[in-house]
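See below for the structure under consideration.
The values are calculated or read from the model by the stated rules, or taken from the named source; none is laboratory data. Please read these numbers as outputs of a predicted model, since none were measured by experiment. Cβ placement follows ideal geometry from the backbone for every residue including glycine, while neighbour counts extend to all protein chains displayed. Heavy atoms of the whole protein, side chains included, go into the accessibility calculation; ligands, DNA and RNA do not. Shrake-Rupley method; radii C 1.70, N 1.55, O 1.52, S 1.80 Å.
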Amino acid sequence: MGKLFEDALKRVDAAADRLNLDENIYKILRKPKKQVIVSVPVEMDDGSIKVFDGYRVHYNVAMGPAKGGIRFHPNVTLDEVKTLAMWMTWKCAVANIPYGGAKGGIAVDPKKLSKKELERLTRRYIAEIIDLIGPDIDVPAPDVNTNPEIMGWIVDTYSMHMRRTVTSVVTGKPVFLGGSLGRKEATGRGVMLMVREAGKVFGLPIEKSTVAVQGFGNVGSIAASLIARQGAKVVALSDVNGGIYNKNGIDVDAALKKVAETGTVTGLAGTQPITNEELLELNVDYLVPAALENQITEKNADKIQAKIIVEGANGPTTTKADKILHDRGIILIPDILSNAGGVTVSYFEWVQDREGYFWKESVVNERLEEIMVNAFKDVYGMSKKYNETMRMGAYMLAIKRVADVTKARGIYA
Ligand code: GLU
């Protein structure tokens, strides 16, 4: 068993224990349903061939078709994809949307590929996993280093194989290609809503708060910008190249402009440079880790000064760090709740594609808000009822929902 998955299972074990879950049902929930590894040969622009390792994991499909993004990153492994697929299962259950959990990925540094190479890589990967995906089977979406343009190539590849246009095979598409208004902003918008809701319950109103955001990709950049628009002071931002700080608040629009022009937030006028590690340890009200896994660990958890952590990334905090943070009175809004906005609007996109009827952006945002606020209430309610953390509340809620459905369906034999 890989390290990430092993660590992730500890939370599942603890929640199942606390719920007194039927041991027989629990045996099913601890295992991924299907794990596939494919070799993806790609002809490079210079005529040479490179072969990449690709993965797709269906973790659990009790609640509906498998759902989850595709990640292009050099560190992608089966262990990581399996763990992310498990987290998608719990995330969809927390949001109460009718999906199971999946994830896919290719071990590749997409920044080293030309656009044409990236397209060939995507199309061949989809061709290799074509039997695993489909609107009623498994619906991929963007994740780290994948975007609407790549989703467009996926629609086309799948549609060519099916001999008809099937837009609902993937979500996070360009709006003009069956995408949903508001999908691109949805994860960041959900993060902002969770900061706002946490602020109400834990007495740290968003409009009076200071915030540090680690990561300036699709999640971090939109979250920062929407959080600032709520009146909060965003004092620190970062990306892979490093971070920036201004105790009086950073102009997030200027940071977005800087990234569009130069590819990085670092060096933004009127800010001081800081490292990604320093950003995590700033004395702020809210810390939003919105980059990758394993950022807050037993090594730095005792140095975190934020009052509330709202996880934008998947798995930024380890289980050991969870305990240290909790012992120090730091509140944490867990990933499977706080970043569920993306998959929620993916659900709306899939519904719109299947109906062939598209909603106004205000309708998308209203329905997203309703789902996120209800999910927050459900998790908060669970954590209060059992006197547990928000993480534990979210896991208990999700596992109970999936367990109840698994029990009701029974075991096919
Ligand atoms: N990759 C996103 C996540 O981790 C979105 C998944 C989706 O929309 O299916 O939640």
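Protein chains only, probe 1.4 Å: how do 58, 326 rank by accessible area, largest first? Don't skip to the answer; put the middle values down first.
Numbers: 58 10, 326 105 Å².
Ranked from most to least accessible, the order is 326, 58.
Excluding ligands and nucleic acids, what accessible area in Å² is computed for residue 55 using a 1.4 Å probe, to the nearest 10?
It works out to around 20 Å².
Kindly report, to the nearest 10 Å², the accessible surface of residue 155 as traced by a 1.4 Å probe over protein heavy atoms only.
Roll a 1.4 Å probe over it and residue 155 shows about 10 Å².
What Kirkwood hydrodynamic radius do you get for the chain when you take the inverse of the mean 1/r over all pairs of distinct Cα atoms, in Å?
Details: mean 1/r = 0.0466 Å⁻¹.
That comes to 21.4 Å for the chain.
Output the pairs from 173/400; 307/377; 33/407 with a Cα-Cα distance over 25 Å in this structure; if there are none, say none.
173/400
With a ≥ b ≥ c taken as the square roots of the eigenvalues of the C-alpha gyration tensor of the stretch 299-392, please select rounded if a/c is under 1.5 and otherwise prolate if a/b is larger than b/c or oblate if it is not?
Values: a/c = 3.16, a/b = 2.26, b/c = 1.40.
Prolate, since a/c reaches 1.5 and a/b exceeds b/c.
In the chain, what percentage of the DSSP-assigned beta bridges are antiparallel, given to the nearest 5?
55
Under a 10 Å cutoff between Cα atoms, tell me which one of 147, 20, 365 has the largest fluctuation in the Gaussian network model of the chain.
Of the options given, 20 has the highest mean-square fluctuation.
At a Förster radius of 35 Å, what calculated FRET efficiency corresponds to the Cβ-Cβ distance of residue 241 and residue 49, to the nearest 0.05?
Working: r = 32 Å, r/R0 = 0.90.
The formula returns an efficiency of 0.65 here.
So what's the back-of-envelope 222 nm ellipticity for the chain, counting only DSSP H runs of four-plus at -39500 (n - 2.57) apiece and dividing by all residues, rounded to 500? Could the numbers behind the result be given before it?
Working: 14 runs with 192 residues, N = 413.
Rounded to the nearest 500, the figure is -15000 deg cm²/dmol.
Where in the stretch 16-60 does the amide nitrogen come within less than 15 Å of the point 7 Å from the Cα of residue 114, taken along Cα to Cβ?
Label zone hits: 42-50.
Please check: in the Gaussian network model of the chain (C-alpha springs, under 10 Å), which one of 380, 158, 357 has the largest mean-square fluctuation.
357
On a full-extension model of 0.36 nm per residue, what is the gain between residue 163 and residue 275, subtracting their alpha-carbon distance, rounded to one decimal in nm?
Numbers: separation 112, 0.36 × 112 = 40.32 nm, distance 5.03 nm.
Here the segment from residue 163 to residue 275 would lengthen by 35.3 nm.
Rounded to the nearest 0.05, what FRET efficiency do residue 207 and residue 23 have when you use their Cβ-Cβ distance and R0 = 51 Å? Walk me through the numbers on the way to the answer.
On the way: r = 47 Å, r/R0 = 0.93.
About 0.60, to the nearest 0.05.
If N is the number of residues in the stretch 63-170, what value comes out of its Cα radius of gyration divided by 2.2 N^0.38 Å? Walk me through the intermediate numbers first.
On the way: Rg = 13.5 Å, N = 108, 2.2 N^0.38 = 13.0 Å.
Against the compact-globule rule of thumb, the ratio is 1.04.
Take residue 130 and residue 175, extend 7 Å from each Cα along the Cα→Cβ direction, and tell me the distance between the two endpoints in nm.
3.2
With every protein chain left in place, what is the accessible area of residue 156 in Å² (1.4 Å probe, nearest 10)?
Accessible area of residue 156: about 60 Å².
Mind giving me the nanometre distance, one decimal, between the label points for residue 31 and residue 6, set 7 Å out from Cα along Cα→Cβ?
For residue 31 paired with residue 6, the spin-label model returns 2.0 nm.
What fraction, in whole percent, of alpha-carbon pairs in the stretch 132-264 exceed 17 Å separation? Provide the component values of the computation, followed by the final result.
On the way: 5620 of 8778 pairs.
Roughly 64 percent, once rounded to a whole number.
How long is the gain from residue 13 to residue 327 if the chain were fully straight, where each residue apart is worth 0.36 nm and the alpha carbon distance is subtracted?
On the way: separation 314, 0.36 × 314 = 113.04 nm, distance 2.01 nm.
Separation in residues times 0.36 nm, less the Cα-Cα distance, equals 111.0 nm.
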